1. Using the structure shown, decide if Leu215 is under 28 Å from Val93 (Cβ atoms), in contact with a His (Cβ under 9 Å, 6 or more places away or on another chain), in contact (Cβ under 8 Å) with a residue 12 or more places away in the chain and away from ligand 1 (no atom under 16 Å from the Cβ).
2. Output the residue which, of all residues in the stretch 169-195 that are more than 12 Å from ligand 3 (Cβ to nearest atom) and among the small types (Gly, Ala, Ser), is nearest to Asp209 (Cα to Cα).
3. List the pairs whose first member sits in the stretch 92-104 and is surrounded by 11 or more Cβ atoms within 10 Å (Cβ to Cβ), whose second member is in a loop (DSSP other than H, G, I, E, B), and whose Cβ atoms are under 6 Å apart, counting only residues at least 6 apart or on separate chains?
4. When you scan the stretch 156-164, do you find a residue that is at pLDDT 95 or above, closer than 25 Å to Met72 by Cα and either within 16 Å of ligand 1 (Cβ to nearest atom) or surrounded by fewer than 16 Cβ atoms within 10 Å (Cβ to Cβ) (or both), even just one?
5. Restricting to the stretch 111-126, and then to whatever is touching a helix residue (DSSP H, G or I) at 6+ places or on another chain (Cβ under 8 Å) and within 24 Å of Trp193 (Cα to Cα), can you tell me which residue is surrounded by the most Cβ atoms within 10 Å (Cβ to Cβ)?
6. Which of the residues belonging to the stretch 30-54 are touching a Ser or Thr at 6+ places or on another chain (Cβ under 6 Å) and either surrounded by fewer than 18 Cβ atoms within 10 Å (Cβ to Cβ) or not hydrophobic (A, V, I, L, M, F, W, C) (or both)?
7. Could you list, in sequence order, all residues of the stretch 29-59 that are within 11 Å of ligand 1 (Cβ to nearest atom) and in contact with a strand residue (DSSP E or B) (Cβ under 8 Å, 6 or more places away or on another chain)?
8. State all residues of the stretch 2-45 that are over 18 Å from Pro64 (Cβ atoms), among the charged types (D, E, K, R) and without any contact (Cβ under 8 Å) to a residue 60 or more places away in the chain; if no residue qualifies, say none.
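The values are calculated or read from the model by the stated rules, or taken from the named source; none is laboratory data. Predicted model only: the values in this text are computed from it and were never measured. Note that each Cβ is placed from the backbone with ideal geometry, even for glycine, and that neighbours are counted across all protein chains shown.
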Amino acid sequence: MTSPTHVAIIMDGNGRWAKSRGLPRVAGHRAGVEALRNLVRAMPDFGISVLTVYAFSSENWSRPKSEVTDLMGLLKLFIRRDLAELHRNGVRVRIIGDRATLQPDIGGLLEEAENLTRENTNLTLVIAFNYGSRDEIVRAARKLAEAAVRGEILPQQIEMDDITRSLDTADIPDPDLVIRTSGELRLSNFLLWQAAYSELVFVPCYWPDFGSDHLAEALRDYAGRERRFGGLSPEEAVAPAIVR
Ligand code: IPE
Ligand code: IPE
Ligand code: MG
């Protein structure tokens, strides 16, 4: 069975999960953190090298201030509570997204998590926080433009690899599989460049209900896919071209 190296998840549906239980949205976000914790603990069973999770988008700032504050608080709590365990389990933590506009205490915590776990090799956990693909591409374009102004690169020499290397995901392989929970069928500004040839799986359950069984099912679905990257399937590629 072909397993993906990199699985990326859009953890969606916390609010609806809470609403369906008559609870405030923040209860859904708390349950969402719990689901993430459990999934990361189960990761060694799956042989996946990189797990990326979409935790807060660059557009989520448009939510009510109290919800934004709750989400910032939950990220801080997650890092404070779980960092030691993640490190013990050999998890390398990476954060993608714009840090410049985050509160300094959050920026500091994210840096601490990355620095502590830098050498770990069992699993790379990439947390997309204050992340949006378009924002990431704009920041990459600025970096390249600045390098051009400094005379380090000629505009006509800019290649796809230069853009790839200027993104927050610089040294992270593209996701093989992108999963979105909650039944929504869209990417919501997540890894638009990187997911150009990713397989997509949409799961109807809300994120707090997502567990290892759902992941196993998504992986079975992935294993049955044929990835062609614009080419032909192997059988077609070797078939002699006799029909004119
Ligand atoms: C995902 O759940 C978490 C974040 C976007 C931060 P939502 O909060 O989007 O939950 P729904 O989509 O409203 O149910
Ligand atoms: C995407 O979910 C962002 C995260 C899961 C962090 P949203 O709930 O923000 O996306 P839309 O608004 O439904 O597209
Ligand atoms: Mg949502």
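1. no
2. Ala195
3. Going by the 6 Å Cβ cut-off, the qualifying pairs are Arg92/Asn120; Ile96/Asp168; Ile96/Thr169.
4. Initially, the stretch 156-164 is screened for residues at pLDDT 95 or above, giving 156-164.
Next, only the ones that are closer than 25 Å to Met72 by Cα stay: none.
No: the stretch 156-164 contains no residue that is at pLDDT 95 or above, closer than 25 Å to Met72 by Cα and either within 16 Å of ligand 1 (Cβ to nearest atom) or surrounded by fewer than 16 Cβ atoms within 10 Å (Cβ to Cβ) (or both).
5. Leu125
6. Going residue by residue through the stretch 30-54, those that are touching a Ser or Thr at 6+ places or on another chain (Cβ under 6 Å) are 42, 47, 49-50.
Listed by number, the residues that qualify are Ala42, Gly47, Ser49.
7. If the condition is that a residue be within 11 Å of ligand 1 (Cβ to nearest atom) and in contact with a strand residue (DSSP E or B) (Cβ under 8 Å, 6 or more places away or on another chain), then Leu36, Val53, Tyr54, Ala55, Phe56, Ser57 are the ones that fit.
8. Scanning the stretch 2-45 gives Arg21, Arg37, Arg41.
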